[in-house]
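Just below is one structure, and these are the notes that go with it.
The values are calculated or read from the model by the stated rules, or taken from the named source; none is laboratory data. Worth saying up front: this structure is predicted, and the values here are computed from it rather than measured. Cβ coordinates were reconstructed from backbone atoms using ideal geometry, including for glycine residues, and neighbour counts include every protein chain displayed.
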């Protein structure tokens with residue numbers, strides 16, 4: 001992956017190539033050994049390139065290859081890996097290169113402006129909403145339903161930004177306190193500035209290979225054991241936002257495929273999507289890794305620390321590493337890859353983690369995308 | 001806050017970060033383009049009627065006889081049963097706050113002194129949980145509560161155009177009862 | 001369900017805008033090309049030896065074999081027309097009095113073509129594939145580091 005940063009000199013195509021090349025080099029492979037390429041990238045409006053997928057193809061190793069672009073908002077980073085998985089697991093390809101990229105700095109004055117048309121033109125846009133509203137409305141509902149305090153939410157920012165200090169790609173790694181978070185300006189109550197991930201430029205990539213090919217390439221393959229995805233209605237004001245049903249459904253789809261029956265016991269590391277601090281907790285509950293309303297307590301008890309019983313977001317997540325929309329989810333998959341191989345350096349969780357789950361989210365509080373990875377090859 | 005930099009690990013390449021000063025110095029070649037993205041959205045049957053009724057000072061919903069939901073905003077097909085919806089149903093212009101926020105940042109990223117109060121308001125007469133997005137006013141930010149009862153305040157008929165903003169805002173129904181509403 | 005004719009009891013349309021402005025960086029490849037063009041009035045590309053390609057304008061990497069390209073090649077402003085067209089309609093669909101001519105030009109030393117304008121075309125029938133052209137580069141004072149630092153290409157008699 002590339003460094004995640006506020007604005008990169010590189011064009012979107014060059015960012016994609018930097019990540020894709022790094023993935024190939026680390027697997028000691030050449031481009032002609034790749035059978036197909038998959039790109040995940042969010043709306044053309046961010047990078048400002050119409051037909052962005054076609055433009056990026058050169059940087060994703062897509063030149064004269066079967067090529068697929070997929071997009072489900074922020075869920076893309078994990079979803080693209082699932083798309084690549086289909087191509088290999090179906091027997092169609094032996095190898096696939098999955099690349100996710102975003103260059104949000106192109107969008108002026110702020111990528112927020114491009115988001116205005118995510119809202120319904122008749123029932124919502126005339127109210128001049130902004131994206132902060134939907135996160136704030138969801139966070140309020142979640143807090144109110146379970147009597148969660150702002151301090152409990154702020155702890156996520158503290159943990160993730162601290163974890164990010166160990167990540168060489170990090171945009172916002174820092175040592176902060178709960179007090180710092182609550183003292184930061186209120187953007188849209190109950191959301192404070194230090195609870196929000198930044199907009200970023202960046203790219204991340206993974207190489208997927210069929211079993212026999214993978215075993216030839218490395219002595220420590222990491223296996224995709226399960227994939228899942230689920231989309232809820234766009235009528236987001238007709239739902240109770242306190243709980244992400246769609247994340248639960250996506251999670252069970254992936255867990256069933258992976259043969260996981262008790263996620264809390266069988267998952268060793270979790271990388272849930274954390275664009276806002278409360279979202280990590282919200283998603284942990286959807287992922288069945290904490291009972292409804294209990295994630296904040298488990299966090300306060302240290303269960304989710306890097307050396308806790310279930311390390312959560314050891315990478316530093318979107319809050320610490322950065323949020324180039326599509327690439328962020330893939331960054332989480334990269335993290336699980338390094339963690340399960342013992343290559344995560346200063347971020348390495350202790351013990352010998354064998355199984356992890358990465359989850360991404362997107363759209364109008366709508367999509368859950370989940371991938372379960374592990375050190376054991378799935379049985380046929 | 002302490003920021004530290006780390007040596008690159010395998011598989012991580014840096015990329016070239018720029019800051020605002022780099023752009024000002026004129027050594028970075030840039031190009032800019034503002035596409036003229038002007039749209040005319042067709043309302044469709046459901047929205048067409050919804051907006052026309054708003055102009056008349058009324059809220060209207062659609063019902064599905066199969067799942068027995070009364071849905072607002074109205075729609076011509078039920079997304080759960082995947083069949084056409086059945087009837088038009090007028091609903092009340094009163095409701096309950098399902099969730100709200102106090103937003104100090106405008107849509108174009110300007111800081112606001114007084115917060116806007118967006119809320120999801122569950123509409124009386126529609127199925128439980130059927131909310132719409134709108135703005136709450138005439139209440140101190142610290143007094144807004146989930147569960148608060150609100151009523152629509154309409155623009156005068158001459159000012160209505162057939163838009164969700166024909167409702168200017170929502171305000172608490174009973175000012176007196178605000179003081180007796182419990183904290184959570 | 002067939003489509004529906006809208007009636008008076010319906011509001012038919014809503015107009016709005018999506019206001020964005022895009023600010024693009026030229027990138028690593030672009031920086032190399034525009035720096036040479038702006039400061040020296042020269043055209044440069046990058047060579048990929050394994051693929052036997054010289055890409056003009058210069059690129060950071062080869063999309064065919066994926067290597068990083070660091071070998072810079074200066075190309076002459078002389079080239080050959082590989083294709084051309086003259087348009088009588090602008091991008092808003094409005095009729096033009098004078099046609100706008102565009103061409104794909106392969107510069108000597110490059111293996112790729114670049115898009116640009118043809119200048120001072122008095123007689124459209126004189127343009128053909130294979131015609132020799134020369135780049136007209138603006139004086140230094142007028143160059144900003146843009147593809148328009150090349151005024152266009154002129155037919156060589």
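With respect to being at pLDDT below 85, surrounded by fewer than 18 Cβ atoms within 10 Å (Cβ to Cβ), at the interface with another protein chain (Cβ under 7 Å from one of its Cβ atoms) and under 30 Å from residue C:25 (Cβ atoms), residue B:4 fits the description. On inspection, residue C:19 qualifies as at negative phi, surrounded by 15 or more Cβ atoms within 10 Å (Cβ to Cβ) and more than 19 Å from the chain's Cα centre (by Cα). Listed here are the strands (runs of 3 or more DSSP E) enclosed by region A:146-231 that have at least 3 residues being over 30 Å from residue A:14 (Cβ atoms): A:186-189, A:223-231.
Against the list (1) farther than 21 Å from residue C:15 by Cα; (2) within 14 Å of chain C (Cβ to nearest Cβ); (3) touching a helix residue (DSSP H, G or I) at 6+ places or on another chain (Cβ under 6 Å), the condition residue B:75 fails is (1). Of the residues making up region C:96-108, those that are over 13 Å from the mean Cα position of the chain (by Cα) and at pLDDT below 95 are C:96, C:97, C:98, C:99, C:100. Do the conditions hold for residue B:131, that is, is it more than 9 Å from every other protein chain (Cβ to nearest Cβ), in contact with a strand residue (DSSP E or B) (Cβ under 9 Å, 6 or more places away or on another chain) and surrounded by 23 or more Cβ atoms within 10 Å (Cβ to Cβ)? Against the criterion (more than 9 Å from every other protein chain (Cβ to nearest Cβ), in contact with a strand residue (DSSP E or B) (Cβ under 9 Å, 6 or more places away or on another chain) and surrounded by 23 or more Cβ atoms within 10 Å (Cβ to Cβ)), residue B:131 does not qualify. Against the numbered list (1) closer than 23 Å to residue A:2 by Cα; (2) at pLDDT 95 or above; (3) surrounded by fewer than 20 Cβ atoms within 10 Å (Cβ to Cβ), residue A:81 comes up short only at (3). Scoring residue A:229 on the criteria (1) away from every other protein chain (no Cβ under 14 Å); (2) buried (at least 20 other Cβ atoms within 10 Å of the Cβ); (3) closer than 30 Å to residue B:100 by Cβ leaves a single failure, condition (3). Can you tell me which residue is farthest from the other protein chains (Cβ to nearest Cβ) among those in region A:232-246 that are assigned to a helix (DSSP H, G or I) and touching a residue at least 60 places away in the same chain (Cβ under 8 Å)? The extreme case among them is A:246.
For the subset of region A:1-16 comprising residues that are crowded, with 24+ Cβ neighbours inside 10 Å and over 20 Å from the mean Cα position of the chain (by Cα), which member is farthest from the other protein chains (Cβ to nearest Cβ)? Among residues in region A:1-16 that are crowded, with 24+ Cβ neighbours inside 10 Å and over 20 Å from the mean Cα position of the chain (by Cα), the one farthest from the other protein chains (Cβ to nearest Cβ) is A:13.
Residue-wise test of (1) at pLDDT 95 or above; (2) closer than 15 Å to residue A:138 by Cα; (3) touching a helix residue (DSSP H, G or I) at 6+ places or on another chain (Cβ under 9 Å).
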site	(1), (2), (3)
A:243	yes, yes, yes
A:257	yes, no, no
A:260	yes, no, yes
A:268	yes, no, yes
A:276	yes, yes, yes
A:289	yes, no, yes
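Within region A:17-47, the residues that satisfy the criterion of being within 19 Å of residue A:323 (Cβ to Cβ) and surrounded by fewer than 24 Cβ atoms within 10 Å (Cβ to Cβ) are A:43, A:44, A:45. Scanning region B:113-128 for residues that are within 10 Å of another protein chain (Cβ to nearest Cβ) and within 20 Å of residue A:188 (Cβ to Cβ), we see that the one that is farthest from the chain's Cα centre (by Cα) is B:115.
Within region A:34-57, the residues that satisfy the criterion of being at negative phi, within 11 Å of chain C (Cβ to nearest Cβ), modelled with pLDDT under 95 and over 21 Å from the mean Cα position of the chain (by Cα) are A:49, A:50, A:57. The one condition from (1) in contact with a helix residue (DSSP H, G or I) (Cβ under 8 Å, 6 or more places away or on another chain); (2) free of Cβ contacts under 8 Å to residues at least 24 places away in the same chain; (3) closer than 17 Å to residue A:368 by Cα that residue A:185 does not meet is (3).
Within region A:90-110, being surrounded by fewer than 21 Cβ atoms within 10 Å (Cβ to Cβ) and within 13 Å of chain C (Cβ to nearest Cβ) holds for A:108, A:109, A:110. Quick one: would you say residue B:164 is at the interface with chain A (Cβ under 9 Å from one of its Cβ atoms), touching a residue at least 60 places away in the same chain (Cβ under 8 Å), farther than 30 Å from residue A:185 by Cα and surrounded by 13 or more Cβ atoms within 10 Å (Cβ to Cβ)? Judged against the criteria, residue B:164 is a match.
Which one is nearest to the chain's Cα centre (by Cα), of the residues in region B:23-59 that are under 18 Å from residue C:26 (Cβ atoms) and at the interface with chain C (Cβ under 8 Å from one of its Cβ atoms)? Among residues in region B:23-59 that are under 18 Å from residue C:26 (Cβ atoms) and at the interface with chain C (Cβ under 8 Å from one of its Cβ atoms), the one nearest to the chain's Cα centre (by Cα) is B:33.
For every residue, the table says whether it meets (1) within 30 Å of residue A:12 (Cβ to Cβ); (2) assigned to a helix (DSSP H, G or I); (3) out of contact with any strand residue (DSSP E or B) (no Cβ under 9 Å at 6 or more places or on another chain).
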residue	(1), (2), (3)
A:249	no, yes, no
A:257	no, yes, no
A:265	no, yes, yes
A:278	no, yes, no
A:291	no, no, yes
A:299	no, yes, no
A:314	yes, no, no
A:337	yes, yes, no
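Against the definition (touching a strand residue (DSSP E or B) at 6+ places or on another chain (Cβ under 7 Å) and more than 8 Å from chain B (Cβ to nearest Cβ)), how does residue A:154 come out, yes or no? No, not satisfied. Among the numbered conditions (1) touching a residue at least 12 places away in the same chain (Cβ under 8 Å); (2) more than 30 Å from residue B:157 (Cβ to Cβ); (3) touching a strand residue (DSSP E or B) at 6+ places or on another chain (Cβ under 6 Å), the only one that residue B:67 does not meet is (3).
For region C:110-141, the set of residues classified as within 14 Å of the chain's Cα centre (by Cα) and within 19 Å of residue C:99 (Cα to Cα) consists of C:115, C:116, C:117, C:118, listed by residue number. Evaluating residue A:215 against the criteria (1) touching a strand residue (DSSP E or B) at 6+ places or on another chain (Cβ under 6 Å); (2) surrounded by fewer than 20 Cβ atoms within 10 Å (Cβ to Cβ) leaves one unmet condition, (1).
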